[in-house]
2 protein chains.
Amino acid sequence: MTTIALDAMGGDHGVSVVVPAALQILEAQPSLRLILVGDEPTLKQQLQNTSADKLGDRLVLRHASQQVEMGESPAQALRTKKDSSMRVAINLVKEGIAEACVSAGNTGALMATARFVLKTLPSISRPAIIAQLPTIKPGITVRVLDLGANVDSTSQQLFEFAVMASALVSAVDNKERPTVGLLNIGEEDIKGNEQVKKAAQLLSNNPGINYIGYVEGDSIYKGVADIVVCDGFVGNVMLKSSEGIARMIVQYLKDAFHANLFSKIVGACALPVMKKVKQQIDPARYNGASFIGLRGTVIKSHGGADIPGYVNAIREAMLAAERDVPRRIADQVSLLLARN
Amino acid sequence: MTTIALDAMGGDHGVSVVVPAALQILEAQPSLRLILVGDEPTLKQQLQNTSADKLGDRLVLRHASQQVEMGESPAQALRTKKDSSMRVAINLVKEGIAEACVSAGNTGALMATARFVLKTLPSISRPAIIAQLPTIKPGITVRVLDLGANVDSTSQQLFEFAVMASALVSAVDNKERPTVGLLNIGEEDIKGNEQVKKAAQLLSNNPGINYIGYVEGDSIYKGVADIVVCDGFVGNVMLKSSEGIARMIVQYLKDAFHANLFSKIVGACALPVMKKVKQQIDPARYNGASFIGLRGTVIKSHGGADIPGYVNAIREAMLAAERDVPRRIADQVSLLLARN
């Protein structure tokens, strides 16, 4: 049995997404147990007339009297929301009652609370956010980090990101020696800032990392590396601008198919094709970013995730818990950082 | 008459793109004069059996014995390629023989040579690269800088980028007070690195800039600002990753339409719609990045640009020359930087 705590109040949709997603994945995964953390009356109401009764102790409620707001500052959430659904879900991981937790709430508050409650792994300067993105190669994804937990990452931090991500990918994707690329603005040695150049040296000199060199922005989606490492400011802009242009293209397609009667008819016929492509680039499919470098597993769902998206985030948490990712990262870190 | 020098040897395709593009735009623009800079025999051969003879002195050849290679280091190009087509084209701007120049060659070498020959404008720390991108709003574009000329931009440099871009946009797009957003990883005041936070203060305090606040990666393509300012490392990654994901989506669409006989038939019917969308996001349509902050106009065409793309780059150079952009930037800079 794997037990996962869900911050049921977090995200744009709260219980109306988290509860149906929980019921859906519990049906599919008989060895999964979920703890819904949040306002108990609200949770009970949401569970009325559902299959919840038949699940017995595989679905447990845990009351939390507070809720972290989306716009709240991390410091304020830490100080004043000690009984928030987010904090209680993380506490359950700390206490060993849950093996992982999932939240769609305020990213900054989630990271600050996770660091405060769970603590960072030994020898790791800062945790990072890592997520999966599609590539042009069918079925092949790339994991990119950091996506916004850190700004001004040092070369040592970039190196640590590579070590942690290698451990994660080898654990959850069963890849023996995942390839690591370093995001830069050119492939030549002279390109980039000092942090990136020094990180390249650290990575090249460490045989424990399967480092393949610099990767440019457009190559992320070519699937040239299993892992792409970058500073959190750069990674966050990369991820969000990619989302922005993808949404723009989908909008252009919709508008073009609605332009006239002929294009509308073609559009109706093309619907299955469009659906397939939309599914391939659907953020829901890749929902569930991991906070790595902590002494416990915390998965961040997109704030606006729908039910299938949230199900994917829970699945990501299950996988990390089953494969014992934090311990494997800790092992890898003590092995590889010792060599530096 | 506007005279523009073209580095005819630069880019992946050299004369086979530059010469036809030159002939095409000369036909459309009777007040344009072009100087083709490059290896004279090669140019003459490329001009055989074309309409070039009828153009008289509106098409002039200028021999240059060398050529900067795509992989060459900027320092080496500066030192050893004093008679390259790139260098000579920039010299023509310096000497006042041409009002602007266009090159599809090595970006680093072009920037280094342009800075060395033309010099940076007074009070400007570093030139920047600015280009136009499409937005979700039909017909509305956004200009983003810096796209890779600088790394580790200071708050003062980010401020200067905003001043220069405002002058450019008001000159070429006829916008009185273009809106300026600062790229960040969140819209709240506490987000971002020190450079960005300080730049936000400089921009807020200067009434000469129409500053609208922080803009996140996905909002670039929403058309929320006329100008988005960022460090060159961040901007370069943003631009290239956007290109990468756009290319991936186009590939997914192609594959989906080729999946079976039915989808192939639908695909054939959908061709005009797809063409329209492809054109909307086509990099050729937005080809021609400006190097701003120099005492002269240099336009960088994408290395792989096709003929219509290169025509757009020449058009961008014409516009900048006709509107006297470098002088207008210099005026704006002396006006606004004095206030700081």
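Separation of the alpha carbons by more than 22 angstrom is noted, of A:K119/A:K240; A:K198/A:K240; B:K175/B:K222; A:K278/B:K278; B:K254/B:K278; A:K222/B:K254, for A:K119/A:K240; A:K198/A:K240. With the whole protein complex present, A:S73 retains an accessible surface near 40 Å², based on a 1.4 Å probe. The spacing between segment A:273-340 and segment B:1-77, judged by their C-alpha centroids, is 52 Å. Peptide packing for B:148-155, B:287-294, B:303-310, A:16-23 was compared via the average number of neighbouring C-beta atoms within 10 Å per residue; ordered from the highest value, the list is B:287-294, A:16-23, B:148-155, B:303-310. Note on B:D12 and B:N205: with the Förster distance fixed at 45 Å, the Cβ-Cβ geometry gives a FRET efficiency of about 0.50.
Take the Cα coordinates of segment A:233-340, assign each an equal point scatterer, and use the Debye formula without solvent to give log10 I(q)/I(0) at q = 0.15 Å⁻¹. Calculated log10 I(q)/I(0) at the listed q: -0.82.
For the segment B:94-101, counting C-beta atoms of other chains within 10 Å of every residue's C-beta and taking the mean gives 0.
With label points set 7 Å from Cα along Cα→Cβ, the inter-copy distances at A:I97 are 8.1 nm, sorted shortest first.
To the nearest 10, the accessible area of B:S65 is 80 Å² with a 1.4 Å probe.
Between the beta carbons of B:R79 and B:D331, assuming R0 = 30 Å, the FRET efficiency works out to 0.30 to the nearest 0.05. Note on segment B:26-81: the C-alpha convex hull projects to 5.1 nm² when averaged across all orientations. What the Cα atoms of segment B:86-172 give is an Rg and a Dmax of 14.3, 42 Å. Computed over Cα pairs, the Kirkwood radius of segment B:258-319 leads via Stokes-Einstein (1.002 mPa s, 20 °C) to a diffusion coefficient of 155 µm² per second.
When A:D53, A:D12 are compared by accessible area at a 1.4 angstrom probe, the order from most to least is A:D53, A:D12.
Ratio of Rg to Rh for segment A:179-253: 1.05 [Cα atoms; Kirkwood radius as inverse mean 1/r over pairs].
The convex hull drawn around the Cα atoms of segment A:233-293, when projected onto a plane and averaged over every direction, covers 4.9 nm². Short-range pairs are left out: with C-alpha atoms under 8 Å and at least six residues apart, the relative contact order of chain A is 22 percent. Computed over the Cα atoms of the protein assembly as shown, the ratio of the radius of gyration to the Kirkwood radius (Rg/Rh) comes to 1.01.
The distance linking segment B:91-118 with segment B:170-213 is 29 Å (Cα centroid to Cα centroid, whole angstrom). Based on Cα atoms of segment B:1-102, Rg over Rh with Rh as the Kirkwood radius reads 0.97. Pairs of Cα atoms nearer than 8 Å and 6+ residues apart set the relative contact order; for segment B:168-227 it is 46 percent.
The value given for chain B is a Kirkwood hydrodynamic radius of 20.9 Å, derived from the mean inverse Cα-Cα separation. For the chain pair B and A, buried accessible area totals roughly 4800 Å², probe 1.4 Å, rounded to the nearest 100. Ligands, DNA and RNA excluded, the heavy atoms of B:I140 present near 70 Å² of accessible surface to a 1.4 Å solvent probe. Structural size metrics of segment B:161-210, computed from C-alpha coordinates, are Rg and Dmax of 12.0, 35 Å.
For segment A:1-58, averaging the sequence separation of C-alpha pairs within contact (under 8 Å, six or more residues apart) and dividing by the residue count gives a relative contact order of 42 percent.
Near B:G14, once Lys and Arg are set to +1 and Asp and Glu to -1 for all other residues with Cβ below 10 Å from its Cβ, the sum equals -3. In summary, the helical segments of chain A meeting the span-like criteria, namely a full DSSP H run, a Cα extent along the axis of 20 angstrom or more and a mean Kyte-Doolittle hydropathy of at least 0.0, are A:155-172, A:232-257, A:261-281, A:307-322, A:325-339.
Where Rh is the Kirkwood radius over the Cα pairs of segment A:128-172, the temperature 37 °C and the viscosity 0.692 mPa s, what D in µm²/s does Stokes-Einstein return? It comes out at roughly 288 µm²/s. Inter-copy label distances at A:G139, shortest first and taken from points set 7 Å along Cα to Cβ: 4.8 nm.
The candidates A:K278, B:K54, arranged from most to least accessible area with a 1.4 Å probe in the full protein assembly, appear as B:K54, A:K278. Approximating the spin labels as points 7 Å out from Cα along Cα→Cβ, the A:Q29-to-A:S65 distance works out to 3.2 nm. Go ahead and run the numbers for FRET between A:D57 and A:K276, Cβ-Cβ distance against an R0 of 41 Å, rounding to 0.05. That gives a FRET efficiency of 0.55.
Taking the accessible area of segment A:1-89, probe 1.4 Å, and keeping the other protein chains in place, the carbon and sulfur fraction comes to 46%. For segment A:181-316, the antiparallel share of DSSP beta bridges with both residues in that region comes to about 40%.
The other copies place their A:H258 label points at 3.1 nm from this one, listed shortest first, where each point is 7 Å from Cα along Cα→Cβ.
Run the paramagnetic zone check for A:E176: 7 angstrom along Cα to Cβ, then residues of segment A:193-216 with backbone nitrogen under 19 Å. Only A:207-212 fall inside the zone, counting backbone N under 19 Å. With each label modelled as a point 7 angstrom along the Cα→C-beta vector, the A:Q251-B:D255 pair spans 2.7 nm. The candidates A:E194, B:E316, arranged from most to least accessible area with a 1.4 Å probe in the full protein assembly, appear as A:E194, B:E316.
The values are calculated or read from the model by the stated rules, or taken from the named source; none is laboratory data. Note that the structure is predicted; figures quoted are calculated from it, not measured. Quick reminder, even Gly has a Cβ in these numbers, built from the backbone with ideal geometry, and neighbours come from all protein chains shown. Each accessible area value is taken on the protein alone, full model and side chains, heavy atoms only, with ligands, DNA and RNA left out. Shrake-Rupley method; radii C 1.70, N 1.55, O 1.52, S 1.80 Å.
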